[in-house]
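A quick write-up on the structure given underneath.
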Amino acid sequence: MTSTDSTAREVVSRDRVVIRFAGDSGDGMQLTGDRFTSETASFGNDLSTLPNFPAEIRAPAGTLPGVSSFQLHFANYDILTPGDRPDVLVAMNPAALKANVADLPAGGILIVNTDEFTKRNLTKVGYDGSPLDDGSLERYTVHEVAMATLTRGALEQTGLSKKDAERAKNMFALGLLSWMYHRPTEGTERFLREKFAKRPDLAEANVLAFKAGHAYGETTESFTVTYEVAPAPLPPGTYRQVTGNTALAYGIVAAGQVTGLPVFLGSYPITPASDILHELSKHKAFGVTTFQAEDEIAGVGAALGAAFGGALGVTTTSGPGISLKSETIGLAVALELPLLVIDVQRGGPSTGLPTKTEQADLLQAMFGRNGEAPLPIIAPRSPADCFSTAIEAARMAVTYRTPVLVLSDGSLANGSEPWRVPDASALPRVDPLFATEPNSPDGAEFWPYLRDDDTLARPWAVPGTPGLEHRIGGLEKADGRGSISYDPDNHDRMTRLRAGKIDGIAVPDVEVDDPTGDATVLVLGWGSTYGPIGAGARRVRNLGHKIATAHLRHLNPLPANLGEVLRRYEQVLLPEMNLGQLALLLRAEYLVDVQSYTKVAGLPFRAEELQNVFLDHLARNSATGVNA
Amino acid sequence: MTALHNGSALGIDLGLPSIGGLHGVPTTDAKQTARDYTSDQEVRWCPGCGDYAVLAAVRSFLPTLGIRRENTVFVSGIGCSSRFPYYLNTYGMHSIHGRAPAIATGLSVSRPDLSVWVVTGDGDALSIGGNHLIHALRRNVNLKILLFNNRIYGLTKGQYSPTSEEGKVTKSTPLGSVDHPFNPISLALGAEATFVGRALDSDRKGLTAVLQAAAEHRGTALVEIFQDCPIFNDGSFDVLRKGDEAASRVIPLTHGEPIRFGPAGDDGLGTYAVVQEGFGLRVAKADEIDSPGQIVVHDAADHELAFALSRLSDQDLTHTVTGIFRNVERATYDDATRAQVQQARDTAEARGGADLQALLNGRDTWTVVG
């Protein structure tokens, strides 16, 4: 479908578009992507984003390791992933081109900043000659734009230095793309004026560059087509764009409100979890205290100390940080105090890939403590889902007096999507039910390990409560009384009680999406693979195949109906960004031949990749005579 | 008990607004005794352990603070001394090795109405937990840290510790340890501690006086307590306990007084004195000093003097300074943190209260109509 705009240019309607901004770490690509995302969100498209950046803050300029990119997928329908391959690649320098051009399918649009294509920069990344001249980019629609020069020209009157002026070239690129895709621009102008409120000259320069990019598209004849992507018909409500880390932080603030508890975050800076600390430090007005500790151990220790005092204790971490916290989490298991442990998983082992995503902490979350030390594990499935996950984890922690581990990951943390903002007043309340009276059978004493019949939770008696003075610790306690006990039978009983408490946590049944009701292959996922698995299944179904999907939010305890669901299908396929950790657990738990599809490349699965994996499995099924 | 709560038992006036270490902790007029602070748990330290003396001193001392027992919390790490909380009928947590200062920090920051005490040992505080100790001191969290120093690992049955003397022969060092020990007082002063004191387990009066001042201090107080391990390091502090020999080794400090110690001389004061020498201090015989003005007058507000005094103490106990080395006021981490939260709340309150819905909505929303 095409039409023409006022300048007699062709306007093409598209259902969905994937744009990737790529440049040097210092080029402001993340900001550019964020702004395009905000414009797109406010326009009403469904969207999903994938920032991808190096661990180094400023790798040597113009080199391949220094390339930073931001991919955005937006559509007029509900989408599930940030997109496999870009339709449009914006390359701010030769390194960005070289690192990303292989992902651009033939016919894709390539917009390059020619100012950076100097002999020196080309040599730096191993180009003999300029790819702009040697015909190697023939399969793409290439737009060569001297962005730095044009930006400098637009800012000539501002009196900014050449260097400062050129720094605004990312806003020129944003302006150009905003024009190409008919994005609303008021939000970006407002944003720039607020961001640079203390430097009005820079605010003005960035707005000018943004407008110059927009005007460049409009006036130059090299762009003959613009594109429209209509708003997506999302369920009615108020929407905003949100990243996983922001949603987690909001969920923690909300959890404090619904439980009526002050929030205490003890945390040590670590990529990619630090943004949760940053965000929460802004929300003191909600009774949130943030403590930047001397190390990971002190972060979780302080949170546990605050929990002993009746706060909602929270700690956030990633990668090696979760290893360092293990002993204290074990103490929290023994103390049976509420504690929220947020692990934003990243590539490992050790320092691994700090800025890349992985799901390889599951077994550590399950078993990574000395002794039998079970705790509940919940994993959000999308950036927006992080909000309700945090609240659910807090509810579970408070209700069952237990540490709860939330397994987010790098792609959720930094990825964003539209979020239908919930009605804050409708969030269910949770009563922390602090103990106020002695509870021993004779009513004379307080027994800290006397359990609730239903939940097996012990009473939470906070210091300051008269008559309930008690001592808890890491040594084994006598069932009920809670004094130190080395009795063999008591330890056996307490170990089983702690396990039984976690096993008995009520979690909803897993839901199966099996549109025809007679698929033979079930694809199971957990955490951030929700999007790519759903997109892959959608593609396979569009090709006329039958396939069922199910997604696990609760990794411990597992939903009660999971065994039955797994046994219902001829084949169970489990894609994971690890080497088969959940598959191992499910095989052990249910004796079901779960097939793994695994990848640890630091990036999410692609829809196309999973489509092919699913088709393979379907073909295998039919080849072995099982109906497909 | 109000006199206690506004501090300054030492009479140091630095011109700062002063609130005591127990400010904000609910008080009681009910008479409390050591028995009230005694839990029903059987004490299980070895016979002759110095911990008994410290426990008895603490049980007697706590009732004198006049605060509510339920607002007192003892947090410990791991080691013999860390069993301490079980024997006190207050709230308590026996936590994990070295981490008590971190755990107590979270508790202290979130609960201004509690008097929070940390019980730790030389291995717990100075080896595995060294990082938490120095950061608690640096931040000046309102915590009282009792560091039981017996210069040995007792609970693991007799390995040398970070305060053991060089050459110490233990199970893990049959040829003698080659580690150079920490001086805990120097370490604490180097970590910007605002209150540093030392006492001997058997010196009930001296110990109680230091504990009293620590309780009154707003901020982190580190009290090193020399404590005997009769099983693995028996008699290690005996030279400091009795008679003229002890008197000639122990240098008790009193703020504002010239530092004299040793058996009483003709003037009724100690026969030894501490005098300035270069940038440091040395011990001199009082009657060999040219003028009384050379004798150092203890000033607990003088950081350099406190450090110099800590260096007088030798590992071989030739000289052992006791009492309060340093006692100064500095803003506490927990008060400052709570003030920021309160200010944010007050600001929000003036605008009708913190609005969760407004937070969730953010600045850029759009509406989809059904």
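Any read-out appearing in this document is the output of simple, stated calculations on the displayed coordinates, not a laboratory observation. Please read all numbers here as calculations on a predicted model, not as lab measurements. With ideal geometry, Cβ positions are generated from the backbone for all residues, glycine too; neighbour counts draw on all protein chains shown.
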(request) Just add up the charged neighbours of A:Tyr239: K/R +1, D/E -1, any other residue whose Cβ is under 15 Å from the Cβ of A:Tyr239. (result) -4
(request) Please report how many Lys pairs in chain B have alpha carbons closer than 21 angstrom, counting only residues at least 8 apart along the chain or sitting on separate chains. (result) 5
(request) Determine which lysines satisfy two conditions relative to A:Lys282: a Cα distance under 24 Å, and not lying fewer than 8 residues away in the same chain. (result) A:Lys195, A:Lys198
(message) Take B:Arg363 and A:Asp78, extend 7 Å from each Cα along the Cα→Cβ direction, and tell me the distance between the two endpoints in nm.
(response) 3.1
(request) Kindly state, as a whole number, the per residue volume in cubic angstrom of the convex hull around the alpha carbon atoms of segment A:479-628. (result) 138
(message) For segment A:473-628, give me the percentage of DSSP beta bridges that are antiparallel, rounded to the nearest 5 percent.
(response) 20
(message) Of A:Thr402, A:Ser416, A:Ser382, which is farthest towards the positive pole of segment A:308-421's charge dipole, taken about the Cα centre with +1 and -1 on the beta-carbons of Lys, Arg and Asp, Glu respectively?
(response) A:Ser416
(request) May I ask you to derive the relative contact order of chain A, considering only C-alpha pairs under 8 Å and at least 6 residues apart, and to give it as an integer percent? (result) 11
(message) Can you give the FRET efficiency to the nearest 0.05 for B:Ala331 and A:Ser622, using r as the Cβ-Cβ distance and R₀ = 51 Å?
(response) 0.10
(message) Quick check for me: using +1 on Lys/Arg Cβ and -1 on Asp/Glu Cβ, what's the dipole size of chain A about its Cα centre, in debye to the nearest 20?
(response) 760
(message) Can you sort A:Cys386, B:Cys49 from fewest to most other Cβ atoms within 10 Å of each residue's own Cβ?
(response) B:Cys49, A:Cys386
(request) Indicate, rounded to the nearest 5 percent, the antiparallel portion of the DSSP beta bridges found entirely in chain A. (result) 35
(request) Quote to one decimal, in nm, the extra length available between A:Asp442 and A:Lys282 on full extension: 0.36 nm per residue of separation minus the C-alpha distance between them. (result) 52.8 nm
(request) Starting from the Cα of A:Leu497, move 7 Å in the Cα-to-Cβ direction to define the label point; list residues of segment A:329-344 whose amide nitrogen is under 20 Å from there. (result) A:330-339
(request) Provide the per-residue ³J(HN,Hα) series for segment A:262-267, in order, calculated from phi with Karplus coefficients 6.51, -1.76, 1.60 and θ = phi - 60°, each as a whole number of Hz, with x at glycine and proline positions. (result) x, 8, 10, 9, x, 8
(message) Can you return the lysines within cross-link range of A:Lys124? Criterion is Cα-Cα under 30 Å, with same-chain partners fewer than 8 residues away left out.
(response) A:Lys98, A:Lys162, A:Lys163, A:Lys169, A:Lys356
(request) May I ask what percent, to the nearest 5, of DSSP beta bridges between residues of segment B:164-283 are antiparallel? (result) 60
(request) Among B:His180, A:His182, rank each residue by its count of other Cβ atoms within 10 Å, from fewest to most, as a rough exposure measure. (result) B:His180, A:His182
(request) State, to one decimal in nm, how far the label point of A:Glu144 lies from the label point of B:Ala284, with both points 7 Å from Cα in the Cβ direction. (result) 8.7
(message) What distance in nm separates the two pseudo spin-label positions at B:Glu304 and A:Phe434, each 7 Å out from Cα along the beta-carbon direction?
(response) 4.9
(message) Treating only the Cβ of Lys, Arg, Asp and Glu as charged (+1, +1, -1, -1), what charge dipole size does chain B show about its Cα centre? Round to the nearest 20 debye.
(response) 1120
